[in-house]
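Below is one structure, written out as C-alpha coordinates; comments come after it.
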Amino acid sequence: FETNPKIPKTPETFQGFQLFIQSNQTVGILRTRTNLVFTNNAFTPIMNSPFSFALRDRIIRLLDILNQLSGEMDIQTGALSPNGEALRKTFFEGKNALFTDSSDTEKAAFKTALSFRCPISEDLQLFPWHGKTRANGQYRVHFGWPKPAPSDGLPVVYIGPKITKQ
(Lines give C-alpha, C1' and ligand atoms only; values in the text may rest on other atoms or scores of the structure.)
Protein backbone atom coordinates (compact mmCIF):
# COMPACT_ATOMS: atom_id res chain seq x y z
CA PHE A 1 0.00 0.00 0.00
CA GLU A 2 1.64 3.19 -1.19
CA THR A 3 0.45 6.56 0.07
CA ASN A 4 0.25 9.71 -1.97
CA PRO A 5 2.14 12.54 -0.20
CA LYS A 6 -0.42 15.05 -1.53
CA ILE A 7 -3.21 13.28 0.36
CA PRO A 8 -3.01 13.78 4.14
CA LYS A 9 -3.66 10.82 6.46
CA THR A 10 -5.81 13.06 8.68
CA PRO A 11 -7.20 15.91 6.59
CA GLU A 12 -6.86 19.24 8.35
CA THR A 13 -8.24 21.41 5.54
CA PHE A 14 -11.27 21.00 3.31
CA GLN A 15 -8.91 20.75 0.31
CA GLY A 16 -7.15 17.81 1.99
CA PHE A 17 -10.53 16.37 2.94
CA GLN A 18 -11.67 16.44 -0.69
CA LEU A 19 -8.49 14.72 -1.89
CA PHE A 20 -8.82 12.12 0.82
CA ILE A 21 -12.47 11.28 0.15
CA GLN A 22 -12.03 11.14 -3.61
CA SER A 23 -8.90 8.97 -3.34
CA ASN A 24 -10.95 6.17 -1.71
CA GLN A 25 -8.20 5.42 0.79
CA THR A 26 -9.10 3.30 3.79
CA VAL A 27 -7.50 4.78 6.89
CA GLY A 28 -8.97 5.05 10.37
CA ILE A 29 -12.49 6.43 10.48
CA LEU A 30 -12.52 7.22 6.76
CA ARG A 31 -13.73 4.13 4.97
CA THR A 32 -13.66 3.53 1.25
CA ARG A 33 -16.71 5.04 -0.44
CA THR A 34 -16.95 2.85 -3.52
CA ASN A 35 -20.76 3.22 -3.65
CA LEU A 36 -20.63 7.01 -4.11
CA VAL A 37 -19.90 9.01 -7.27
CA PHE A 38 -18.87 12.65 -6.74
CA THR A 39 -19.15 15.49 -9.24
CA ASN A 40 -15.83 17.20 -9.93
CA ASN A 41 -17.01 20.28 -8.03
CA ALA A 42 -19.01 18.66 -5.20
CA PHE A 43 -16.56 20.00 -2.60
CA THR A 44 -16.17 23.49 -4.09
CA PRO A 45 -18.92 25.11 -1.96
CA ILE A 46 -17.34 24.08 1.34
CA MET A 47 -13.86 25.35 0.44
CA ASN A 48 -14.68 28.91 1.58
CA SER A 49 -15.95 27.73 4.97
CA PRO A 50 -13.65 27.84 7.99
CA PHE A 51 -12.21 24.36 8.58
CA SER A 52 -13.62 22.48 11.53
CA PHE A 53 -12.78 18.93 12.61
CA ALA A 54 -16.34 18.62 13.93
CA LEU A 55 -17.83 19.59 10.56
CA ARG A 56 -15.41 17.31 8.70
CA ASP A 57 -16.38 14.38 10.94
CA ARG A 58 -20.11 15.06 10.57
CA ILE A 59 -19.78 15.13 6.78
CA ILE A 60 -17.81 11.89 6.91
CA ARG A 61 -20.66 10.35 8.92
CA LEU A 62 -23.25 11.47 6.35
CA LEU A 63 -21.14 10.11 3.48
CA ASP A 64 -20.61 6.82 5.31
CA ILE A 65 -24.37 6.39 5.79
CA LEU A 66 -25.04 7.16 2.11
CA ASN A 67 -22.28 4.76 1.07
CA GLN A 68 -23.72 2.00 3.24
CA LEU A 69 -27.26 2.63 1.98
CA SER A 70 -26.13 2.59 -1.67
CA GLY A 71 -24.31 -0.70 -1.06
CA GLU A 72 -27.45 -2.29 0.40
CA MET A 73 -29.39 -2.00 -2.87
CA ASP A 74 -29.91 -5.08 -5.05
CA ILE A 75 -28.22 -4.28 -8.39
CA GLN A 76 -30.92 -6.12 -10.34
CA THR A 77 -34.15 -5.00 -8.67
CA GLY A 78 -33.14 -1.86 -6.78
CA ALA A 79 -34.75 -3.20 -3.60
CA LEU A 80 -33.05 -2.40 -0.32
CA SER A 81 -31.81 -5.32 1.78
CA PRO A 82 -33.14 -5.65 5.35
CA ASN A 83 -30.05 -3.75 6.52
CA GLY A 84 -30.71 -1.06 3.89
CA GLU A 85 -34.31 -0.73 5.06
CA ALA A 86 -33.08 -0.36 8.64
CA LEU A 87 -30.67 2.41 7.52
CA ARG A 88 -33.46 4.15 5.59
CA LYS A 89 -35.83 3.96 8.53
CA THR A 90 -33.21 5.15 11.02
CA PHE A 91 -31.78 8.06 9.03
CA PHE A 92 -34.48 9.08 6.52
CA GLU A 93 -37.64 8.99 8.65
CA GLY A 94 -38.92 10.92 11.64
CA LYS A 95 -38.71 14.41 13.03
CA ASN A 96 -34.92 14.32 13.47
CA ALA A 97 -34.01 12.53 10.23
CA LEU A 98 -30.46 13.24 9.02
CA PHE A 99 -31.56 12.94 5.37
CA THR A 100 -34.64 14.59 3.88
CA ASP A 101 -36.12 15.76 0.62
CA SER A 102 -36.56 19.51 0.15
CA SER A 103 -40.12 20.77 0.49
CA ASP A 104 -42.17 21.48 -2.63
CA THR A 105 -41.90 25.20 -1.81
CA GLU A 106 -38.09 24.98 -1.67
CA LYS A 107 -37.97 22.92 -4.88
CA ALA A 108 -39.90 25.65 -6.68
CA ALA A 109 -38.10 28.62 -5.14
CA PHE A 110 -34.60 27.14 -5.45
CA LYS A 111 -34.96 25.01 -8.59
CA THR A 112 -31.90 26.52 -10.28
CA ALA A 113 -29.75 26.40 -7.13
CA LEU A 114 -30.70 22.76 -6.50
CA SER A 115 -29.95 21.67 -10.09
CA PHE A 116 -26.60 20.03 -10.80
CA ARG A 117 -25.01 17.90 -13.49
CA CYS A 118 -25.33 14.26 -12.53
CA PRO A 119 -21.84 12.68 -12.42
CA ILE A 120 -23.27 9.51 -13.97
CA SER A 121 -25.60 10.70 -16.76
CA GLU A 122 -24.09 14.22 -17.08
CA ASP A 123 -27.68 15.56 -17.39
CA LEU A 124 -28.72 18.69 -15.49
CA GLN A 125 -31.09 17.43 -12.77
CA LEU A 126 -32.79 18.56 -9.60
CA PHE A 127 -31.05 17.16 -6.49
CA PRO A 128 -33.34 18.08 -3.58
CA TRP A 129 -32.35 15.18 -1.29
CA HIS A 130 -29.79 16.18 1.31
CA GLY A 131 -28.02 15.15 4.49
CA LYS A 132 -28.01 17.77 7.22
CA THR A 133 -25.45 18.86 9.76
CA ARG A 134 -24.62 21.90 11.87
CA ALA A 135 -21.22 23.24 12.86
CA ASN A 136 -20.89 27.03 12.86
CA GLY A 137 -23.83 27.15 10.47
CA GLN A 138 -26.01 24.75 8.53
CA TYR A 139 -24.35 22.48 5.97
CA ARG A 140 -25.77 20.04 3.45
CA VAL A 141 -24.68 17.06 1.36
CA HIS A 142 -26.92 16.94 -1.73
CA PHE A 143 -27.24 13.60 -3.50
CA GLY A 144 -29.35 11.74 -6.01
CA TRP A 145 -32.10 9.55 -4.61
CA PRO A 146 -33.16 7.12 -5.79
CA LYS A 147 -29.98 6.17 -7.63
CA PRO A 148 -30.11 6.57 -11.44
CA ALA A 149 -29.91 2.77 -11.77
CA PRO A 150 -29.53 0.09 -9.07
CA SER A 151 -26.05 -0.84 -10.33
CA ASP A 152 -24.83 2.80 -10.32
CA GLY A 153 -23.16 4.54 -7.44
CA LEU A 154 -25.08 7.17 -5.53
CA PRO A 155 -24.35 10.62 -7.01
CA VAL A 156 -23.07 13.25 -4.56
CA VAL A 157 -23.25 16.70 -6.14
CA TYR A 158 -22.87 19.32 -3.39
CA ILE A 159 -21.13 19.56 -0.03
CA GLY A 160 -21.39 22.98 1.56
CA PRO A 161 -23.53 25.60 3.28
CA LYS A 162 -27.30 25.21 3.15
CA ILE A 163 -28.60 26.35 -0.26
CA THR A 164 -32.24 26.96 0.67
CA LYS A 165 -31.84 29.56 3.39
CA GLN A 166 -35.03 31.60 3.49
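Residues considered: Gly137, Gly153. Of these, the only one that is of a type in the set (Gly, Ala, Ser) and either on the phi > 0 side of the Ramachandran plot or in contact with a Phe, Trp or Tyr (Cβ under 6 Å, 6 or more places away or on another chain) (or both) is Gly137.
Any residue at all in the range 70-80 that's within 22 Å of Lys162 (Cβ to Cβ), among the charged types (D, E, K, R) and surrounded by 15 or more Cβ atoms within 10 Å (Cβ to Cβ)? Before the answer, list the steps.
Within the range 70-80, the first condition is being within 22 Å of Lys162 (Cβ to Cβ), and the residues that meet it are none.
No, there is no match, as no residue in the range 70-80 is within 22 Å of Lys162 (Cβ to Cβ), among the charged types (D, E, K, R) and surrounded by 15 or more Cβ atoms within 10 Å (Cβ to Cβ).
A single entry from Ser81, Ser103 fulfils the requirement of being farther than 18 Å from Ile59 by Cβ, in contact with an Asp or Glu (Cβ under 9 Å, 6 or more places away or on another chain) and without any contact (Cβ under 8 Å) to a residue 12 or more places away in the chain: Ser81.
Going by the structure shown, is Glu93 surrounded by 13 or more Cβ atoms within 10 Å (Cβ to Cβ) and over 17 Å from the mean Cα position of the chain (by Cα)? Spelling it out, it is not the case that Glu93 is surrounded by 13 or more Cβ atoms within 10 Å (Cβ to Cβ) and over 17 Å from the mean Cα position of the chain (by Cα).
Could you tell me which of the residues Gly71, Gly131 is within 15 Å of the chain's Cα centre (by Cα), modelled with pLDDT of 95 or more and either closer than 25 Å to Phe14 by Cβ or of a type in the set (Gly, Ala, Ser) (or both)?
Numbers: Gly71 fails: modelled with pLDDT of 95 or more.
Checking each option against the conditions leaves just Gly131.
Quick check: anything in the range 81-89 assigned to a loop (DSSP other than H, G, I, E, B) and either in contact with a His (Cβ under 8 Å, 6 or more places away or on another chain) or surrounded by fewer than 17 Cβ atoms within 10 Å (Cβ to Cβ) (or both)? Within the range 81-89, one or more residues are assigned to a loop (DSSP other than H, G, I, E, B) and either in contact with a His (Cβ under 8 Å, 6 or more places away or on another chain) or surrounded by fewer than 17 Cβ atoms within 10 Å (Cβ to Cβ) (or both). The strands (runs of 3 or more DSSP E) found entirely in the range 113-158 that carry 1 or more residues being without any contact (Cβ under 8 Å) to a residue 12 or more places away in the chain and not charged (D, E, K, R) are 124-126. Counting only residues that are more than 15 Å from Pro45 (Cβ to Cβ), hydrophobic (A, V, I, L, M, F, W, C) and in contact with a Cys (Cβ under 9 Å, 6 or more places away or on another chain), how many does the range 115-166 have? Counting residues in the range 115-166 that are more than 15 Å from Pro45 (Cβ to Cβ), hydrophobic (A, V, I, L, M, F, W, C) and in contact with a Cys (Cβ under 9 Å, 6 or more places away or on another chain) gives 1.
The values are calculated or read from the model by the stated rules, or taken from the named source; none is laboratory data. The model shown is predicted, which means the values in this text are computed figures rather than measured ones. So basically every Cβ, Gly included, is an ideal-geometry build from the backbone, and we count neighbours across all protein chains shown.
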